[in-house]
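Here the structure comes first, spelled out in C-alpha cells, and everything after it is commentary.
The values are calculated or read from the model by the stated rules, or taken from the named source; none is laboratory data. Note that the coordinates shown come from a computational prediction; the quantities given were computed from them, not determined experimentally. Don't worry about glycine lacking a Cβ; one is built from the backbone with ideal geometry, like all the others, and counts go over all protein chains shown. Note: areas computed on protein heavy atoms with side chains; ligands, DNA, RNA excluded. Shrake-Rupley method; radii C 1.70, N 1.55, O 1.52, S 1.80 Å.
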Amino acid sequence: MYDASTDPEDHLSVFLTHMRLQTAADEVRCKTFPMFLKGKARLWFQGLAPGSIRSFPELARQFASQFVSSKVYARNATHLMSIRQRPDESLRNFMTRFNAESLQVRDKDEKVVMAAFTNGFRVEELFYDLAKNSPVNLEELLRRAHEAAKAEEAGRLKKESDRELGNRKGRTNPPESKDVPAKKNVFDRLSKEKAPAPPPLPEKTYTPLTRRRAQILAVMEAEGLGDRPPKMGTPWNKRNQDRYCAFHRDVGHDTEGCWALRKEIENLIQRGFLGRFVRRPGREPGRNHYGDRSEGRRRDRPELRDAPRNHFPDLDGQNLAGVINTIAGGPTGGDSHTARKNKRPPPEGDDSLKRLRMDEEITFGPRDAVPLASGNHEAIVIDVVTNNYRVKKVYVDQGSAVDIMFYRVFKELGLKDDQLTPVRTPLVGFTGPPINPEGMITLMVTVGQAPKCRTIPVNFVVIKQQSSYNVFLGRPVLNALRAIPFTLHLSVKFPTPGGIAEVHGDPEMARACYLATLRGPEKVVAQMTCLEPYIPGDEAQQLSTQDEIEEFPLREERPDQVIRIGALLPAEEKEGLKALLRKYSQVFAWTVEDMPGIPTDLAVHHLDVDPHFKPVKQKKRSFAPERNEVIKAEVGKLLESRIILEVYYSTWLANPVLVKKEDQTWRMCVDFTDLNKACPKDCFPLPRIDRLVDSTVGFDVLCFLDAFNGYHQIEMAEEDRDKTSFITEEGTYCYRTMPFGLKNAGATYQRLVNKLFQNQIGRNMQVYVDDMIVKSRTDQQLIPDLREILDILQESRMRLNPKQCTFGVRSGRFLGFLVSREGIRANPDKL
C-alpha cells in the first residue's frame with residue numbers, strides 16, 4: 001500500500017510486476033491501482049476529475065509527477081566514504097545502516113565499498129585483524145565483520161549478566177544493624193548509574209493539554225501528523241531498560257517524559273493542528289502528579305500500610321481451596337517489575353471528560369427492551385469501527401484486564417508486524433497456560449453511531465489464538481468510555497457529548513460465536529465482515545444507486561403484482577419495455593404454483609452416491625417452539641407446492657436447519673453434511689466473479705434478474721429422492737426437486753444456464769448460478785436484448801422472481817458489488 005511517503009516509481013514498478021504476472025489488461029490496471037493506495041495517495045486519486053484518465057500510462061505519469069517529492073535519488077560511490085560508525089552505535093547497527101546506504105548506490109565498485117566500510121567502523125580489533133590479513137573480496141570482509149559483531153554482542157551480554165548478578169547479591173545482603181552504616185554494594189552503584197538523569201529545564205512554557213501525550217501520539221499516528229523522531233543520544237547500554245517510549249519505539253525513557261514528543265506536539269499546535277487537545281483558559285487544570293496525593297492517602301489510612309497483600313477480612317474464616325482469576329497480565333498494569341511497582345491510578349480530574357454530558361443518569365428500566373435471546377444468557381457482541389474498517393464479532397468482556405485483538409484480524413486490518421510494540425508480560429488465565437502476546441498496538445476505536453458515539457485510543461494486545469470472536473473489549477475500554485454494560489438487555493450505555501449512547505448487542509452473532517467455540521478450535525470460523533474501508537458520513541451516499549425506480553402493474557386485473565423499471569429511461573423506450581414485460585408476463589412467478597419446473601430433458605440432478613458409504617440416519621433434533629412453528633409452516637408450503645413428498649422407510653435421514661435471509665425471514669434448509677460426504681464433487685467450473693463484474697462496465701442500461709426459488713425449478717432423479725429425506729415433528733419427507741445444501745447443486749444449475757444462454761453470455765448477458773444481468777450498450781438496444789433473454793426463459797419454463805428483478809436502470813447490485821457504466825464499487829449492504 002502506497003501512502004505518499006516512499007518512492008512512487010518503486011511502487012509503480014512493484015505494481016506493474018504483479019499486473020504482468022496476472023496478464024492484466026490496461027483497463028484492469030486502472031481499476032486495480034487505487035486498491036493499492038491509502039492515506040494522502042488515496043485522497044489524491046479520489047480528487048481526480050472523472051474522465052481525466054484514458055490509459056494506465058497516463059495515470060502512472062500523473063501519479064509519479066504528483067509524488068515526485070518522495071522520489072529517492074541514487075547516490076554516488078563517494079557518499080559511502082562519509083558513513084562513519086557513531087560513538088554509541090554497535091558494529092551490528094553500523095553494518096545494517098551501511099548496507100542500507102550502499103543499496104542506493106548504483107554501479108558501485110566492490111573495492112570502493114570495501115574501502116568505505118573499512119574506513120567507517122571504529123572497532124580497533126577488527127581493523128588490526130583486517131590490516132594483518134586483508135580480505136580477498138567484499139563477502140569475506142562482511143563475514144569477518146559479522147563474526148566481530150557477534151563477539152561484541154557476546155561481550156555486552158556478559159556484562160549485563162554480571163551486572164544482574166550484582167543486583168541480586170546487593171538485594172540479598174541487607175545491613176545487619178541500623179546503627180552501623182551498611183557497606184555500599186554493586187546494586188547501589190548500578191542503581192545510581194541506571195537512574196535517569198533529571199530532564200533539562202524547559203526553555204519555554206509548553207501549551208497545557210487535556211490528554212496524556214501517549215494518547216495524543218496515537219491520534220498523530222492515526223492522522224499521519226508529525227515527523228520521524230530524532231534518534232536517542234544516550235548509548236543503548238546505558239539506557240533504562242524498564243522504560244519504553246512509544247514515540248521513539250525504543251527503551252530508555254517513557255512516553256510522557258519524552259522531550260522530543262513534547263516539542264513535536266508543541267510544533268503541531270503552533271501550526272494549527274491538535275487544537276482539540278489544548279486546554280482552554282478558565283478550566284481547572286487536571287492533576288498530573290500523583291506523589292503528594294498518594295502519600296496523603298497513605299498517611300490518612302495507616303491501617304492499610306501494614307496489612308498483608310490479598311487480605312480480605314470477610315474471608316478469613318473460610319477455608320478456600322483456591323482463587324479463580326480472569327484474564328490478566330499484558331502491559332495494562334505495567335510491562336516490567338519496576339513499572340508494575342510504580343503504577344499509579346489515572347488522575348481523577350480528567351478535563352477531557354468535561355465535554356461529556358456527565359449530569360445525565362445512565363439507567364436501565366422497564367422501558368428498555370429485553371431481547372428474547374437474553375433468556376439464553378447470551379454475551380454482549382457488538383461492532384466497532386477502527387482503522388477505517390467496521391469490525392464485527394466484538395465481545396464485551398468485563399472480566400478481562402486487557403483489550404485483545406487476534407492476530408488474524410490484525411493482518412486483515414492491513415497492519416504490519418513492525419507496528420507492534422513489544423510486550424514482555426504474558427497473559428494469564430486465557431486458555432490455561434500463559435500466552436505470550438505478539439505485541440501491542442494503539443488504534444483509534446469508534447463505538448456507537450453518530451451523533452451519539454465516542455472515539456478513543458485503545459491499546460490492543462495482539463495474540464495468536466483461535467477464537468470465534470474478532471476482538472475482546474475489556475475493562476480498559478469500558479472505563480475509558482464510562483460505559484455500563486447490562487447483559488439482560490444485551491446493550492451497553494455510555495455518555496457522549498450528544499447524550500447517552502446505547503449500543504445493542506447482536507444475539508444471533510453471539511449465539512453463532514458461542515456454538516463455534518463449543519465445536520472446538522478446528523471448527524472455529526470467524527472472519528472480518530468488511531469488504532472495503534469504512535468512510536464515516538458516507539453511508540447515505542453509498543446506499544443509493546443513483547437511479548429512480550418506478551413500479552407499474554403487470555396485469556390490470558392484479559394491481560398488486562408490480563414490476564420495477566428505471567424511471568430515467570426515455571419515454572419511448574419506457575413504454576416499449578412495459579409492453580414487452582406484459583407480453584412475457586408468464587416468465588414471472590408470484591407464487592410456487594406459478595413455477596412449472598425445468599423440463600427433465602434439459603436438467604435433472606443426480607447424486608451419484610458412493611456405494612461404499614454406509615447410509616447415515618441423523619438423530620432427530622429439538623427446536624424452540626417458535627422455530628418449530630416456522631418449520632411446520634415451511635413444510636406445509638413445500639407440500640402444497642409439491643416440492644417435497646412424504647416418504648417411508650428412508651435409508652438416509654437428515655435434520656432441518658433454519659437460516660435467516662437478508663429480509664429477516666427464515667429459510668429452511670436441510671443438514672446434508674453426511675450425504676455430501678458420500679457424493680463425489682462435480683468439477684464443473686463456476687464463473688469468476690471478478691470477470692463477470694468487470695464485464696458490466698461500459699454498458700448504459702442494465703437489467704437485473706433473479707430466478708424464483710432457482711434450485712427448486714430442477715427436478716431430482718427419482719432414484720435419488722429418498723436420499724434427501726429429513727425428519728420433522730410432523731413426519732418424514734424427501735425432496736422432489738433439487739434442494740439447497742447439496743454439494744453439487746450449484747454446478748448443476750450453472751451447467752443449465754450455460755446451456756440455455758450459450759449464445760448470449762459475454763455478449764449481452766452474464767449469469768452466475770441464479771443471478772443474471774442483461775446489459776445493453778444503448779437505450780435503443782435494451783428491448784431487443786431483453787426480448788432475446790425472455791424468449792429463452794419462456795421456452796425453458798424457467799421463472800423469475802419479480803420482487804428481485806429490476807429492468808432498465810443505469811446501476812445496481814450484482815454479486816455483492818454496485819455496477820454501473822462508470823465503474824464498480826463495493827456494496828455497502830455487505831460491509
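Tabulated results
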{"item": "Stretchable slack from Ala100 to Gln465, in nm (0.36 nm times residue separation minus alpha-carbon distance)", "result": "127.9 nm"}
{"item": "Prolate/oblate/rounded call for the range 213-277, Cα gyration tensor, a/c under 1.5 rounded", "result": "prolate"}
{"item": "Gain on full stretching of the segment that runs from His79 to Gln62 - 0.36 nm per residue minus C-alpha separation", "result": "3.0 nm"}
{"item": "Computed label-point distance, nm, for sites Ala222 and Glu361 using a 7 Å Cα→Cβ extension", "result": "3.3"}
{"item": "Between the range 627-643 and the range 375-401, the Cα center-to-center distance that results, in Å", "result": "36"}
{"item": "Shape call, the range 570-636: gyration tensor on alpha carbons, a/c limit 1.5", "result": "oblate"}
{"item": "Solvent-accessible surface (1.4 angstrom probe) belonging to Glu730, in square angstrom, nearest 10", "result": "90"}
{"item": "Accessible-area ranking of Phe247, Phe613, largest first, probe 1.4 Å", "result": "Phe613, Phe247"}
{"item": "Charge tally in the Cβ shell below 9 Å around Asp3, where Lys, Arg are +1 and Asp, Glu are -1, Asp3 excluded", "result": "+3"}
{"item": "Exposure of Leu568 as accessible area (Å², to 10), given a probe of 1.4 Å and all protein chains", "result": "90"}
{"item": "Protection-proxy order for peptides 498-510, 2-14, each taking the mean of Cβ atoms within 10 Å per residue, highest first", "result": "498-510, 2-14"}
{"item": "Rounded if a/c under 1.5, otherwise prolate or oblate - the range 8-70, Cα gyration tensor axes", "result": "oblate"}
{"item": "Positive minus negative residues near Arg61 (Lys, Arg vs Asp, Glu; Cβ under 12 Å)", "result": "-1"}
{"item": "Cα-based Lys pair tally, the range 77-168, threshold under 21 Å, eight or more apart or on separate chains", "result": "4"}
{"item": "Largest-first ordering by accessible area, 1.4 Å probe, given options Ser65, Ser90, Ser622", "result": "Ser622, Ser65, Ser90"}
{"item": "Too-long pairs where the Cα-Cα distance tops 26 Å, listed order kept, from Lys574/Lys660; Lys31/Lys393; Lys578/Lys803; Lys493/Lys660; Lys632/Lys661; Lys40/Lys411", "result": "Lys574/Lys660; Lys31/Lys393; Lys493/Lys660"}
{"item": "Which of Cys453, Cys513 is most accessible, then next, and so on - probe 1.4 Å", "result": "Cys453, Cys513"}
{"item": "The range 654-690 and the range 1-74: distance between their alpha carbon centers, rounded to Å", "result": "41"}
